[in-house]
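The values are calculated or read from the model by the stated rules, or taken from the named source; none is laboratory data. A quick note: this is a predicted structure, and the numbers were derived from the prediction, not measured. Cβ sites come from the backbone with ideal geometry, for glycine too, and all protein chains shown count toward neighbours.
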Amino acid sequence: MFSDLRFALRTLAKSPGFTAIAILTLALGIGLSTSAFSLTNVLLFRTLPYPGSERLVRIFRTSPQSQTWNFAPANALDLRSSAKSFSALSLYAVDNLSYAEPGQPALQITAVSATAEFFKVLGSVPAQGRLFAPDEDQPGKGNVAIITDRMWKRRFAGDPQILGRVIRLNSENHTIVGVLPASFEAPLVWGPTELIRPFTIQPAFPTLRTGAWVSLVGQLKPGLPREQANSEIGTLAARLAQDYPKENGTDNARVVDLHSSNMDPVSTAILWMMPVLSTLVLVIACANLASLLLARALGRSREFAIRSALGASRSHLMRPLLSESLLLAVAGGVLGLSSPPGAPTSWGGTSKSTTSTASPSRSTAPCSPSPPSARCSAASPSALPRPGWPPVPRLPTASRRAPAAAPPAARTTASNTR
């Protein structure tokens with residue numbers, strides 16, 4: 001087996017152009033398929049990094065124009081206080097804040113403003129410090145912040161004394177009271193969030209039914225199906241539309257899974273199409289490679305005929321081909337999994353320098369003096385014939401004399417004829 005692999009390796013090394021094309025074809029197909037399957041796995045199949053993530057839901061306001069509206073503050077507060085299908089409901093909003101430290105220029109960061117039930121809904125616990133107190137969503141008590149693990153490491157270099165540090169958010173001082181673990185981050189749901197601060201419930205919110213910018217996230221009660229919660233939320237939304245027809249005349253509400261809450265049906269269909277299309281690309285790449293291998297095998301028919309005449313069995317003829325295919329598959333797989341599609345490889349330029357070299361058997365073969373008609377190769381000066389070699393055969397003496405003059409009788413006959 002190892003001898004077959006060594007022989008296959010030497011054979012492939014003699015054709016660097018074919019080898020490079022075959023490996024790159026496989027690498028592109030495998031790399032594209034792997035990327036598509038990985039993205040589909042993250043977006044469709046992988047669960048959120050929270051305990052009981054199958055019970056986490058998001059509530060959307062619906063209308064004839066869209067099925068993914070947010071709520072006005074008063075409507076969100078009414079739903080939170082009236083819904084009975086949830087263990088906890090939290091108001092939150094994702095926004096960009098101006099972040100600055102003393103003596104440093106301001107930066108824009110993504111932050112989540114959430115009520116105190118937010119971490120109860122998700123079941124998250126801090127890696128350091130504490131979570132929000134129940135009253136820190138009231139006006140004048142929300143100048144605290146909990147940062148994510150990414151922000152702690154990226155902006156504070158993992159400072160162990162981070163708790164109690166003061167930062168400025170939108171020109172207001174906030175004290176860092178906690179650091180979340182790395183498992184909290186879910187960019188598909190919260191975006192590239194760097195910190196969470198309290199959602200301050202202003203005195204005007206209970207009556208503010210315009211300006212939809214508040215989101216609702218909740219945790220279903222154990223054993224309660226999502227359809228039942230969806231029915232209850234729909235009933236509550238219909239009651240709000242009846243009580244406040246001017247602001248909520250045609251509105252309704254629905255409950256969706258938190259993991260897929262940011263994907264519409266079109267995005268889901270596209271995500272399902274990606275692995276299918278990438279698989280077709282991989283099949284096409286394999287078919288092209290199979291055609292190349294078949295053409296290469298047909299070009300070696302004389303070699304196989306000679307080996308068969310020398311007594312090689314069919315298995316001995318097939319083993320080198322299988323070994324070459326195995327080496328190409330391994331090399332293409334490794335390159336496809338380790339480099340993005342289109343990345344430069346170390347194979348470039350080998351075919352040109354190799355194929356331009358003359359064959360050693362022609363450049364170093366000496367000229368044979370026998371037979372005299374044999375031609376010498378002009379590939380190298382050493383192969384040219386030496387002056388006077390091979391010796392020119394000498395003709396007999398008689399044959400080198402000048403031809404004799406015609407007899408007089410012959411000349412007379414010719415003149416008479418004229």
Exercise. Taking interchain pairs and intrachain pairs at least six residues apart, which have beta carbon atoms under 9 angstrom, with the first residue in segment 1-13 and more than 11 Å from LEU321 (Cβ to Cβ) and of a type in the set (A, V, I, L, M, F, W, C) and the second at pLDDT 80 or above and not in a helix (DSSP H, G or I)?
Worked result: none
For this session: Select from segment 197-241 the residues that are assigned to a strand (DSSP E or B) and among the aliphatic types (A, V, I, L, M) and list them in ascending order.
Result: VAL214, LEU216, VAL217, LEU220
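When you look at SER291, is it out of contact with any Phe, Trp or Tyr (no Cβ under 9 Å at 6 or more places or on another chain) and either of a type in the set (S, T, N, Q) or outside the structural domain of LEU12 (by TED's automatic domain parsing) (or both), yes or no?
Values: out of contact with any Phe, Trp or Tyr (no Cβ under 9 Å at 6 or more places or on another chain): yes; either of a type in the set (S, T, N, Q) or outside the structural domain of LEU12 (by TED's automatic domain parsing) (or both): yes.
Yes; evaluated as a whole, the condition is true for this residue.
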For this session: Only one of these is of a type outside the set (Lys, Arg) and either assigned by TED's automatic domain parsing to the domain that holds VAL189 or under 29 Å from LEU240 (Cβ atoms) (or both): LEU28, LEU97, LEU24, LEU32. Name it.
Result: LEU97
Exercise. Considering only residues of segment 64-75 that are assigned to a loop (DSSP other than H, G, I, E, B) and within 20 Å of SER267 (Cβ to Cβ), which is modelled with the highest pLDDT?
Worked result: ASN70
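Check every one of the strands (runs of 3 or more DSSP E) wholly within segment 95-174 and list those with 3 or more residues that are surrounded by 18 or more Cβ atoms within 10 Å (Cβ to Cβ).
So the answer is 107-114, 144-147.
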Exercise. So which pairs qualify, if the first residue must be in segment 59-75 and surrounded by 14 or more Cβ atoms within 10 Å (Cβ to Cβ), the second must be small (Gly, Ala, Ser) and part of a strand (DSSP E or B), the Cβ gap must be under 7 Å, and the two must be at least 6 apart or on different chains?
Worked result: ILE59/GLY218; ILE59/ALA253; PHE60/ALA253; ARG61/ALA253; THR62/ALA253; ASN70/SER215
Problem set entry | Out of ARG300, ARG307, ARG296, sole residue that is surrounded by 12 or more Cβ atoms within 10 Å (Cβ to Cβ) and closer than 20 Å to LEU24 by Cβ | ARG296
Problem set entry | Lone unmet requirement of (1) part of a loop (DSSP other than H, G, I, E, B); (2) buried (at least 19 other Cβ atoms within 10 Å of the Cβ); (3) not hydrophobic (A, V, I, L, M, F, W, C) for ARG80 | (1)
